[in-house]
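K.L.:
Mind looking over this structure? Questions follow.
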Amino acid sequence: MSKKKSIKKKVIAPKKVAQKPLSPQRKKNWLTPTILAVLAMLLYAPSINYDFVYDDDAVLKDNRFVKQGFGGLGKIWTTSYFKGFNENINARAFRPIPLTMFAVENQFFGLNPKVHHGVSVFLFGLTAFFLFLFLSRLLRKHHKLLPLIATALFIVHPIHIEVVANIKSRDELTAFLCFMIAGWLLLKSIDQKKFLYQILSFFFFTIALFSKESALTTLAVIPLMLWFFRDLDLKTVGMKTLPYFGLAVVYLIIRSSVVGGLNEGVALTVLDNSLLAAETLSERIATNIYVLGIYFFKNLFPHPLLSDYSFNTIPIVGWGDYKVWLSILLYAGLIGATIYGLLKKKVYSFAILYFFITVSIFSSVIVLNVNAYADRFNYNPSLGVCILLAWGLSLLIKTPNKRVTCLPLEGDADRQREESSTNSKNFTPLQRGKDFTKNPVEISTISPFNSLFRKQNAIGILISLIILIAGISKTISHLPVWQDRYSLFEYDATNAPNNARMLKNHGGSLARQALAATEPNERTRLAQESVQYLEKALSIYDRISTGHIHLGNMYGLLGDYDKAGLAFERGLAIDSKSYSGNTNLANVYYRKGRYQEALALMQKVNQNRFSKNDHYLISLIYGKLGQSDLAGKHRGLSGR
């Protein structure tokens, strides 16, 4: 009998597919921007402890819509930028996103300058993060250090101090940040063919538009960056840009329904834009060319930095001024370089065009801008200059990429497909099913960063470090100027001795200190110093109502009621509705026995705004006029 052999079937267990760990290269892709973000926040961390300054009052501290928190959102989205501060200001600005952010912060934390400054510093950190991601993807076929150098230059550029340290400039911060995110997502959607990224790009571009009107200029940047840095035909570039154009049209329709046209209801003065002081068209053109030179020059040599460049910081010049011709030569060189590199799609050509496009809205060439120049206006355009400088520095730094031949490991094909979007132009994808023993692959063995510190790169690295250290030093030394309104106005009045507005602001801050002082000698000293600054300001430009009113208060404090009355009268001749002008002049008239005139002024203003001192003053006036009932009523309201 034959034995039957039992045959056991061998059960083959399915292979466990191991999860692929995040590759070192992909980890590095997030590490660099994170480090840059932390460094950016550390650089501006001291500003978290700063107070409200300058225009923070208009958009935050004294803005009634913002102070209502969630309750003010409806008004924020249906009125112009400054309506919550002053109903009489007809600004052509519609920026609901930053006001919404302020309202939300106020809802949860109240009017806390540390919170508002902290958010601004955090947003600047995010800007550094996404700027690097944007530039790394945009310039992926170019020098590997170019995005890093450009981002580092942008972070340490002192021209950005006002934007980060002044809470009001949240509009600039948010608009630029959101465009960087939108641009990065657009490039990802093209590179990875994922439409979801483009939808997200539309969202962030819309936020940029509703943050500040200047974001409209980036509409011209989008097709340029696609044409320069992606192999797309003009038709595809146009189709990719068209949705952004549609979003801009929707924004302009909404904006127009709220604030009207570009110049509707806006009356600019010489104090605002000194170009209006030009007596002839020839002078205005020459001065405008000079101002355009300042925009570029300040990016290279950011000194002095001021919070305001009102009349007469930038004087009117003629064609005989050498600064006009220097500006012409500068822009002729930039235009020539742009044309030369345009068809060759050179990085420097794109960088110059980026500057031209983003600065155009502030240049007063097409539409007269609210100011001739401001450092904050250079926030977005400075990126073009940073890219241009980074390109120049990258020419001095070589990063050879040594390659050896080897066989690929199993699974490398899938991993390389995942990481192909971050590799250089020399990337060769592995193919599944191919006999690699016959076709070995060249791979990089040395990171460009490992070969960075070579003798031939010494000059390029040294120049880069000098520029970065100089930027950091200037930022650290100038940042404390923004700690409060007193230090800011004092600095500007000292460094811009012909600036009527800054002289008036500093004189006004001294006036407030004088009124608050309790020691007589100190009060007199502050009042006398205030008078000096105010009189100088009004000698440069005398159509400043608040300057005359501050001056009247100081003369009154010094006991010279004749000069005080004259100053108040001049202030009211400019702004007859001024509350403080009317009540203070009434006080002077009372002291001089002109009771009927004093009463007329007190009745002219809104008595719902009366302070206890105002009630006391009108009670005295009624008493002198024999109206004892009304005198008693207001005396009771005064608490005396």
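The values are calculated or read from the model by the stated rules, or taken from the named source; none is laboratory data. Here the structure is a predicted model, which is why all the values come from computation and not from measurement. Don't worry about glycine lacking a Cβ; one is built from the backbone with ideal geometry, like all the others, and counts go over all protein chains shown. We work out accessible area using only protein heavy atoms, side chains counted, and drop any ligands, DNA or RNA first. Shrake-Rupley method; radii C 1.70, N 1.55, O 1.52, S 1.80 Å.
K.L.:
Compare the Cα positions of Asn288, Ala277, Phe109 along the charge dipole of the chain (+1 at Cβ of Lys, Arg; -1 at Cβ of Asp, Glu; about the Cα centre) and return the one farthest towards the positive end.
P.N.:
Phe109
K.L.:
So what is the diffusion coefficient of the stretch 223-297 in µm² per second by Stokes-Einstein at 20 °C and 1.002 mPa s, using a Kirkwood Rh over Cα pairs?
P.N.:
Working: Rh = 16.4 Å.
D, rounded to a whole number, is 130 µm²/s.
K.L.:
Now for a different question. How many lysine pairs does the stretch 80-235 hold where the Cα atoms are under 18 Å apart and the two sit 8 or more places apart or on different chains?
P.N.:
On the way: Lys83/Lys168; Lys83/Lys212; Lys114/Lys168; Lys141/Lys188; Lys168/Lys212; Lys193/Lys235.
Value for the stretch 80-235: 6.
K.L.:
Give me the aspartates and glutamates in straight-line cross-link reach of Lys604: C-alpha distance below 17 Å, same-chain residues under 8 apart excluded.
P.N.:
Correct list for Lys604: Glu569, Asp575, Asp614.
K.L.:
A further question on this structure: Candidates (i) 1.14; (ii) 1.10; (iii) 1.04; which is the computed Rg/Rh (Cα atoms, Kirkwood Rh)?
P.N.:
Read-out from the structure maps to (ii).
K.L.:
Right, something else. Mind pulling the angle between the C-alpha long axis of helix 381-394 and the longest principal axis of the chain? Nearest 10 degrees, somewhere in 0 to 90.
P.N.:
So the inclination is approximately 40 degrees.
K.L.:
Select from Gly74, Pro147, Ser464 the residue farthest towards the positive end of the dipole of the chain; place +1 on Cβ of Lys and Arg, -1 on Cβ of Asp and Glu, and compute about the Cα centre.
P.N.:
Pro147
K.L.:
Here's something else I'd like to know. Run the dipole for the chain about the Cα centre, Lys and Arg Cβ at +1, Asp and Glu Cβ at -1, nothing else charged, and hand back the magnitude in debye, nearest 20. It would help to have the intermediate numbers written out before the result.
P.N.:
Values: 74 positive and 43 negative charges, 918 e Å.
For the chain, the charge dipole is close to 4420 debye.
K.L.:
log₁₀ I(q)/I(0) of the stretch 484-640 at q = 0.09 Å⁻¹, via Debye over equal Cα point scatterers, no solvent, to two decimals?
P.N.:
-0.31
K.L.:
So what is the 222 nm mean residue ellipticity for the chain from helices alone, if each DSSP H run of at least 4 adds -39500 (n - 2.57) and you divide by all residues, rounding to the nearest 500 deg cm²/dmol? Spell out each step's value before the answer.
P.N.:
Details: 26 runs with 381 residues, N = 640.
After summing the helix terms and dividing by residue count, I get -19500 deg cm²/dmol.
K.L.:
Can you give me the Rg/Rh ratio for the stretch 89-178, using Cα atoms for both radii and the Kirkwood formula for Rh?
P.N.:
Working: Rg = 15.6 Å, Rh = 14.6 Å.
Using only Cα positions, Rg/Rh for the stretch 89-178 is 1.06.
K.L.:
Another question about this same structure. Return the carbon/sulfur percentage of the accessible area of the chain, one whole number, probe 1.4 Å, all protein chains in place. Can you show the working numbers first?
P.N.:
On the way: 18950 of 31420 Å².
On the chain, the fraction of accessible area on carbon and sulfur atoms equals 60 percent.
K.L.:
Next question. As a test of reading the structure, rank Asp492, Asp57, Asp560 by solvent-accessible area (1.4 Å probe, protein chains only), most first. Intermediate results must be reported in sequence, preceding the final value.
P.N.:
Working: Asp492 0, Asp57 30, Asp560 55 Å².
Putting Asp492, Asp57, Asp560 in descending order of accessible area: Asp560, Asp57, Asp492.
K.L.:
Give me the log10 of I(q) over I(0) for the stretch 554-640 at q = 0.10, 0.16, 0.21 Å⁻¹, as the Debye formula computes it from C-alpha points; what are the numbers?
P.N.:
-0.23, -0.59, -0.98
K.L.:
Excluding ligands, DNA and RNA, what is the solvent-accessible area per residue of the chain at a probe of 1.4 Å, expressed in Å²? Don't skip to the answer; put the middle values down first.
P.N.:
Values: 31420 Å² over 640 residues.
For the chain, the solvent-accessible area averages 49 Å² per residue.
K.L.:
With +1 assigned to the C-beta of every Lys and Arg and -1 to the C-beta of every Asp and Glu, and no other charges, what is the dipole magnitude of the stretch 569-640 about the Cα centre in debye, to the nearest 20?
P.N.:
Working: 12 positive and 5 negative charges, 33 e Å.
It comes to approximately 160 debye.
K.L.:
Using the alpha-carbon centroid of each, what span in Å lies between the stretch 60-92 and the stretch 500-535?
P.N.:
Going from one Cα centre to the other spans 31 Å.
K.L.:
Please state the shape class of the stretch 152-215: rounded when a/c is under 1.5, otherwise prolate if a/b exceeds b/c and oblate if not, all from the C-alpha gyration tensor.
P.N.:
On the way: a/c = 4.16, a/b = 1.81, b/c = 2.30.
Oblate is the answer for the stretch 152-215, as a/c is 1.5 or above yet b/c matches or exceeds a/b.
K.L.:
Next question. Give me the three principal axis extents of the stretch 307-353 from the C-alpha atoms, as integers in angstrom, largest value leading.
P.N.:
Between the extreme Cα coordinates on each principal axis of the stretch 307-353 lie 43, 29, 9 Å.
K.L.:
Additional query: Taking R0 as 51 Å, what FRET efficiency do you get between Ala573 and Leu39 from their Cβ-Cβ distance, rounded to the nearest 0.05?
P.N.:
Values: r = 53 Å, r/R0 = 1.04.
So, using R0 = 51 Å, E works out to roughly 0.45.
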